[in-house]
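The values are calculated or read from the model by the stated rules, or taken from the named source; none is laboratory data. It should be emphasised that the depicted structure is a prediction, and the values quoted were computed from it without experimental measurement. Cβ sites come from the backbone with ideal geometry, for glycine too, and all protein chains shown count toward neighbours. These area figures cover heavy atoms from the full protein model, side chains too; ligands, DNA and RNA do not enter into them. Shrake-Rupley method; radii C 1.70, N 1.55, O 1.52, S 1.80 Å.
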Amino acid sequence: GSGGFRKRKHDNFPHGQRREEKENVNPPSALMTSFKSFQLELDTRHDKYERLVKLSRDITIESKRTIFLLHRFISAPNGEEILNESEVKLDAVRRKIKQVAQELIGEDMYQFHRAISPGLQEYVEAVSFQYFIKTRSLISVEEINKQLIFTAEDREETTNMTSNSHDKQPHTWSLKVTPVDYLLGVADLTGELMRLCISSVGNGDIDTPFELSQFLRQIYDGFTFIGNTGPYEVSKKLYTLKQSLAKVENACYTLKVRGSEIPKHMLADVFSTKTELIDQEEGLP
């Protein structure tokens, strides 16, 4: 009738049928085939990146829990139990790192470095903190990398794979911590050592702060040799390292000057007050 819509001829055909006819008329060219392969490759790489980000978060969370556990070493009646429990937690973290190493088989690690770097830094911080409690020294990057060489635990892990993947994947996996991740992890370690100093003062231990002060001074001297020539993240961490060192040195000064006249159970309060004054002077929150 008048005023109605006119029906087009191709509206009588289903939508899917029109699409098939269009594809039959214009078959996929070589260019479209190439773009489809590029799309598949990019989607696969993006999915792998997201899996690595998730693994890095898990590594970060478990490493932080290990650090919180190690802080109980000072006040725990049996420190060996704390160390053994921390070793169990670190083994669980290494199993996560093993999954990262398996994901990176045949890949350039630096293409996915931003995805795994936060987790590796936190792992270095946890391992170096445990190593310091045990030996009162700093673990080397070579020693850390030795712990990140993995092997297939049994035949079941390899037999579950397909025959093609079984031929391609080796029986050993390794993941090397980069020098930058190691330096950033050690820089974060200084903050944990500063908290360890507070805990030791609260427990009446007046020897550990002086030991920590000397150790932090050596780390700070090592970082100053790098200076502005290193990565931006390292120079940024240097300021935080300097603040941690200043707090520990002021704690040692307070213990040396007023330690004999202040009861041990009040030393932690004096140190905390001194730390707040330092933060206010430096403009820190």
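Tell me, yes or no, whether segment 133-141 has at least one residue that is open to solvent by less than 50 Å² (accessible area, probe 1.4 Å), in a helix (DSSP H, G or I) and not hydrophobic (A, V, I, L, M, F, W, C). Looking through segment 133-141, none of the residues is open to solvent by less than 50 Å² (accessible area, probe 1.4 Å), in a helix (DSSP H, G or I) and not hydrophobic (A, V, I, L, M, F, W, C). Does Tyr232 meet the test of being modelled with pLDDT of 90 or more, on the phi < 0 side of the Ramachandran plot and either hydroxyl-bearing (Ser, Thr, Tyr) or over 22 Å from the mean Cα position of the chain (by Cα) (or both)? When the stated conditions are applied, Tyr232 does not pass them. Taken together, the residues in segment 188-202 that are under 12 Å from Gln121 (Cα atoms) and open to solvent by less than 10 Å² (accessible area, probe 1.4 Å) amount to 1. Might you check whether a residue that is under 30 Å from Ile206 (Cβ atoms) and hydroxyl-bearing (Ser, Thr, Tyr) occurs anywhere in segment 73-80? Yes: segment 73-80 contains one or more residues that are under 30 Å from Ile206 (Cβ atoms) and hydroxyl-bearing (Ser, Thr, Tyr). The residues of segment 227-239 that are open to solvent by 80 Å² or more (accessible area, probe 1.4 Å) and of a type outside the set (Val, Ile, Thr), listed by number, are Asn228, Tyr232, Glu233, Lys236, Tyr239. Among the residues of segment 80-100, the one identified as open to solvent by less than 30 Å² (accessible area, probe 1.4 Å) and without any contact (Cβ under 8 Å) to a residue 24 or more places away in the chain is Ile82.
The number of residues in segment 105-132 that are surrounded by 19 or more Cβ atoms within 10 Å (Cβ to Cβ) and either closer than 10 Å to Ser63 by Cβ or more than 14 Å from the chain's Cα centre (by Cα) (or both) comes to 12. Using beta carbons and a limit of 9 Å, which pairs, at least six apart or on different chains, have the first residue in segment 107-126 and outside any helix (DSSP H, G or I) and the second one surrounded by 14 or more Cβ atoms within 10 Å (Cβ to Cβ)? These pairs meet every condition: Glu107/Lys48. Each residue in segment 203-226 was checked for being over 22 Å from Glu125 (Cβ atoms) and either open to solvent by less than 70 Å² (accessible area, probe 1.4 Å) or among the β-branched types (Val, Ile, Thr) (or both), and 3 pass. Scanning segment 57-79 for residues that are free of Cβ contacts under 8 Å to residues at least 40 places away in the same chain and either open to solvent by 50 Å² or more (accessible area, probe 1.4 Å) or under 12 Å from Tyr123 (Cβ atoms) (or both) returns Ile61, Glu62, Arg65, Phe68, Arg72, Pro77, Asn78. Could you tell me whether segment 149-169 includes any residue that is modelled with pLDDT of 80 or more and out of contact with any strand residue (DSSP E or B) (no Cβ under 9 Å at 6 or more places or on another chain)? Within segment 149-169, none of the residues are modelled with pLDDT of 80 or more and out of contact with any strand residue (DSSP E or B) (no Cβ under 9 Å at 6 or more places or on another chain). All told, Gly222 falls short of being among the small types (Gly, Ala, Ser), at pLDDT below 85 and not assigned by the TED database to the domain that holds Ser140.
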